[in-house]
Amino acid sequence: MKKFTFLMALIGGFALTAEAQRIETTPQTTANVGLEPIKQGNWMVGGSIGNIGYSFEGDQFNINLNPRAGYFVTDGLAIGAQASLGFTAIKGDDNVYNYGISPFVRYYFPGGASSSGRFFGQGDIGIAGSKPGSDVSLALGANVGYAHFITQTVALEVMTGYNYSKANVNSGGGQSGLGVAVGFQIYLPGRR
């Protein structure tokens, strides 16, 4: 009788394993979050993982990494700081390494929003420099973007806008132009 019970348990285990293997899941690509991630008291941490742009003032190509952190002072309005680490290739000249830090303000627009995404505008003003070069100068940015929530706390973002820096880039001139950034943000709930 013990052998029969053991055999039935073994067959039942195989049947459950076979059934479990037939279940297919698809990765989560969207989450209905409403206003919860952008409520007052929450934090956001992340940044753009690639910022690719072309300068109006010369044949230059740049790519940047912009980590950022912010705090929601009210629903939909975050203030914070971001760093900028970048590389600029200049046609016929030495490569330039850029750096900077700036506070930012980001506002999530209530209009045009969905349960899984939000449009936003972001402005920043700070300091920037470059190597080679020894001057640190003014840096400005005005961007608009869209955050698509793939989970309750993680959003993929795309941002475009105008960025300006008067940092000493080899010939003493600055750099400005349109740029596109793709990144992510993690929204952390704060204490209420």
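Contact list please: Cβ distance under 6 Å, first residue in the stretch 90-112 and touching a residue at least 40 places away in the same chain (Cβ under 8 Å), second residue outside any strand (DSSP E or B) and surrounded by fewer than 20 Cβ atoms within 10 Å (Cβ to Cβ), pairs at least six apart or on different chains.
From the stretch 90-112, the pairs are ASP93/ASN170; TYR108/GLY76.
Being at pLDDT 85 or above and not in a strand (DSSP E or B) is the filter here; which residues of the stretch 96-120 pass it?
PHE109, PRO110, SER116
Having 1 or more residues that are at pLDDT below 80, of a type in the set (Val, Ile, Thr) and open to solvent by less than 20 Å² (accessible area, probe 1.4 Å) is the bar; report the strands (runs of 3 or more DSSP E) wholly within the stretch 131-192 that clear it.
The qualifying strands (runs of 3 or more DSSP E) are 154-169.
Report yes if ILE90 is buried (at least 18 other Cβ atoms within 10 Å of the Cβ) and more than 18 Å from the chain's Cα centre (by Cα), otherwise no.
yes
Given (1) on the phi < 0 side of the Ramachandran plot; (2) open to solvent by 20 Å² or more (accessible area, probe 1.4 Å); (3) at pLDDT below 95, identify the lone condition not met by GLY123.
Single failed check for GLY123: (3).
Suppose the filter is open to solvent by less than 30 Å² (accessible area, probe 1.4 Å) and free of Cβ contacts under 8 Å to residues at least 40 places away in the same chain; does ALA128 pass it?
For ALA128, the condition - open to solvent by less than 30 Å² (accessible area, probe 1.4 Å) and free of Cβ contacts under 8 Å to residues at least 40 places away in the same chain - is not met.
The values are calculated or read from the model by the stated rules, or taken from the named source; none is laboratory data. Note that the coordinates shown come from a computational prediction; the quantities given were computed from them, not determined experimentally. As a convention, Cβ positions derive from the backbone with ideal geometry for all residues, glycine included, and neighbour counts pool all protein chains shown. Note: accessible area is taken over every heavy atom of the protein model, side chains too, but ligands, DNA and RNA are not part of it. Shrake-Rupley method; radii C 1.70, N 1.55, O 1.52, S 1.80 Å.
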